[in-house]
Every structure is written in structure tokens, then in C-alpha cells.
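J.: Next up is a structure, given as C-alpha cells.
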């Protein structure tokens, strides 16, 4: 491979990496906590106005100011006072004496991993009505296109800065020949420090509109972000960067002592911890393990790629063969340790965040992991060739083949880095699967529908839990203009035509003039047809059929 071709490979890989940042699917606004249940249930009908609404999430959430609203049928606010947060439970107090009709609940909260969770659902009191009118403040706001692009780019710059800082600092401290100038590598390290600082500040700036759905210069939202775990971690990172500037100067110039280096390592460990603490690992099922392995993952990536950049940009060009013969074996051992840490940490991370084999293929997060693993495998193959050259001792005499292989390594890791910056903004597979399962359970575990096919009345049919075995059936009758309809007699049957099961009687008891209840044993899953004959006078009756999916 010629020098021009090698450079083309690097440039092409960097372009692909940036394309991955811009074109890969970004995380949705409703992200990493799952709404497991609501009371009243979504789409349900209750006979009396409840005193409060309870939202239950799969993990702890915190409040976004003025982003939880309950809208009454006439469009007015039905919630009273501030909602109460206790872990994953949110209680929304309601005004007393609420009118009958359909209510709209809008919510936006922040999950434990600093991502917003937004959504909406309706419930009805007495009888359904037209959906209540909404306003801008009451409607969950989707994140802007700018945020979808800016967040991965900012995170990519932070990771790139980490690489450019760690690589030069490590090589200048332990491997740099004394006769060579340190000026250009030192500039690279300062550039890395600046990129980390820019990324950290930009991350804080973008987090406020990302979590609140509001403006970019909202002082209240920014104060809330700074007071969160996410904000604290970023402020600590800024403090580490400031402190590091005083220790980096002597290290980069070759005048640092052992104490300075030890202190710089301690600061580096603290700084590395701020990345996982403010992201997915901090909210994983085993946060202590996830934080440690993510730190190992970042450190391995920074040492490997940072060292490779130093080899390509400086040592292969400036070092003499005898110097390379001393440097390359040491670097080869470092790279082996870094790659091993990177691989093992990645495996542990994937096992925690994916949690099941099926999620690896069915979720965006899992598919990105597959792409990352495949590309990582290619890079490892090239790295093995490089190590072989070093072991054979051929590289110092003619470093060009090794330099080309290292260029390919750098290019491949640049794309891996881009995929990583997208991964940290993508809903973890375990959460995506839990969200999908929760939605399916809510759909299959409770059937509720307003049947309007009859010209004489509307019938609200509820089956709980809509699963094989015992089921409760509730019926509510309404006129065509959704006013309560008095019923003289109720009759019902259930059948499963696909399995040849003929009509089974459903014993129904009128609990009120407009409400009947019964119970039935459904022997197998399938699309059950529930047919109800509702007599509203001596001469008028209606036949209503509901198709209920039973799991």
C-alpha cells in the first residue's frame, strides 16, 4: 500500500466515522426508563374522578419543572399542586369535583441515566368524550434535529480529546527519546485537553433543552442540570481538567517528578469516572461493575489509539532505527494490555446492557454492538500483523509496512469511536426490550374498547386480564352522544371460531342501570369473539361484537 493510499484509507475511515455520528439513529426523547403502569389505567373508564394519578416507572426519575399536566375535557388544568416523586413513583394530585369526560395526561421526567422520558395517555370519568384541547406547554416536546446531531458530535469530540491527551502524555512521559523535540506532541496533548473541556461544557449546555424540551438559554433548566448527578459529574470533570493543566506542563516538557505523575494518574482516574457516572453505566442493574468496566473501556481505547497516533504522527517519522527497536517492543506490550482491557470491558458491558441474545438482533443498540464488534475484529487482525512485525524485529529497519498497518488500525478505531458516541445516546437493549415487553403486556393484559358499531348505543367493553384462564368482564352502556344509557337486560357469549369453540355463555350481573359485570373461563389463547345482546326497552335491543386478543 502506497503512502497516498494509506492516507486515503485514514481519511475515508474518518469520513465514515463522522457519517456514523450524523446518520445513525439517535435516541428518542422518550428513552431509558419504562413507564410500567398508571392509575387510572391508560384508556380506561372510571365511574368517579380519582383524587390523584400515579405513574410507576422501572427506575427512579426526577422532575422537569412544569412538564406534568392533566388536561380536563374542557381544556383546563385538572392537576393541583406539584407532583410528588419517590423513586420510580410519581403522584399527581387532582382538583376535586372533576367533570365527566376524557382527560389527557402529559408527562416529561428525567430517568436515572439523565435521559428524558416523555409521553401521554388518556382516561375517562363516567363516559368518554372528545379528546381535550391541548396547548404548547401541555404537549411533550420532541427533541430537535439539532440536538439529535449535536449530542453525538459533542460526545465524539470528548472521546477524541481523551485519545489526543492520553496518548501524547503517556508516550512523552515514558517512551519519548530525549533528543527529539516535544513541542508538536505537547500541542497535540493541549488540543486534546481543550476538546475535552469544550465537549464537557457543550454537553452541559445541550442537556438543559434535551431534558426539558425547552429553550437553549433557560437559566432554571440549566440550574436543575447542574444540581443533578449528570451536572455534578461534569463539574468534577471541569475541575479535574483545570487541576491537570498545572501538572501537564512539566510532564509534557520532560521536567515532571514521580509525585506529579502519581497525582496526574489519580486525577485521570477521577476524570475517567465522570463519563460512566453520568451515563448508562450509572443506571445499570449493577452500577458499580458497569462504572468500573466503562472506565477500563475508555482507558484501553485512549491508550491504544492515542499511542498509535503518536507512532504514526511522530515516532515513525523522527525516531532512528535503534530508538524504534527499543520503543516498539514496550509499546507492543502496552497495546496488548490495552486491547485486552478494551475487549473484556466491552464484553461485560454488552452482557449487562443487552441482557438477552434476542435483543442483540432486535434492538438498535444490539445492532450497533454487532457493527462495532465486527469492525473491532478487523482492527484486531491488522493489529496482530503489526505485533508480528515487531516480534520479528523487522520494523526498525524498514518501518513503512508497520506504519501502513498502524494507519489502518487508527482508521478502524476512529470509526469504532464514532459508533461508541452513537451508542451512548441510544437506548440500551435491556431497556428497549423492557419497554416493548411492557407495552405488549399492557395491550395483552387488559382489553378496553368502545364499540360504536350499533346504531342504538355505544358499549364500553373491558376484559381483564385478557389472558388464558379466568377473566373479568365489565360493560358500560352509553347513548350515541356518549350519555349514560339505561339497560333493561344484558346477555353475552364468547366463542373462538379459529379453534372451533362454539359460543360459551357469559353470566352477566347488572351492577347499575348502565353497568354490568361477569366472569368467564377462556380455555385457550386466540382472537375471541365476545357478543353482547343489550336490551334497552321492551322493543329495542342492540347486538354488539368485540374481538378480544387473548394471550
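The values are calculated or read from the model by the stated rules, or taken from the named source; none is laboratory data. Source: prediction; values computed, not measured. Cβ atoms come from the backbone with ideal geometry, glycine included; neighbour counts cover every protein chain shown.
J.: Looking only at residues in the stretch 63-79 that are under 9 Å from residue 108 (Cβ atoms) and in contact (Cβ under 8 Å) with a residue 60 or more places away in the chain, which one is surrounded by the fewest Cβ atoms within 10 Å (Cβ to Cβ)?
T.: The extreme case among them is 64.
J.: Right, next: Is there a residue in the stretch 533-543 that is free of Cβ contacts under 8 Å to residues at least 12 places away in the same chain and in the same structural domain as residue 462 (by TED's automatic domain parsing)?
T.: Yes: one or more hits.
J.: Identify, from the list 315, 298, 337, the residue that is outside any loop (DSSP other than H, G, I, E, B) and closer than 30 Å to residue 231 by Cα.
T.: The match here is 298.
Conditions tested, residue by residue: (1) crowded, with 17+ Cβ neighbours inside 10 Å; (2) more than 29 Å from residue 183 (Cα to Cα).
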site	(1), (2)
252	yes, no
259	no, no
276	yes, yes
279	yes, yes
286	no, yes
293	yes, yes
301	yes, no
309	yes, no
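J.: Next question, about the same structure. Do we have any residue at all in the stretch 472-481 that's modelled with pLDDT of 85 or more and touching a helix residue (DSSP H, G or I) at 6+ places or on another chain (Cβ under 7 Å)?
T.: Within the stretch 472-481, none of the residues are modelled with pLDDT of 85 or more and touching a helix residue (DSSP H, G or I) at 6+ places or on another chain (Cβ under 7 Å).
J.: Which residue is surrounded by the most Cβ atoms within 10 Å (Cβ to Cβ), if the candidates are limited to the stretch 202-240 and must be within 14 Å of residue 63 (Cα to Cα) and out of contact with any helix residue (DSSP H, G or I) (no Cβ under 8 Å at 6 or more places or on another chain)?
T.: Applying the filter and picking the extreme gives 213.
Residue-wise test of (1) in a helix (DSSP H, G or I); (2) touching a residue at least 40 places away in the same chain (Cβ under 8 Å); (3) closer than 17 Å to residue 116 by Cβ.
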| residue | (1), (2), (3) |
| --- | --- |
| 211 | yes, yes, yes |
| 235 | yes, no, no |
| 247 | yes, no, no |
| 251 | yes, yes, no |
| 255 | no, no, no |
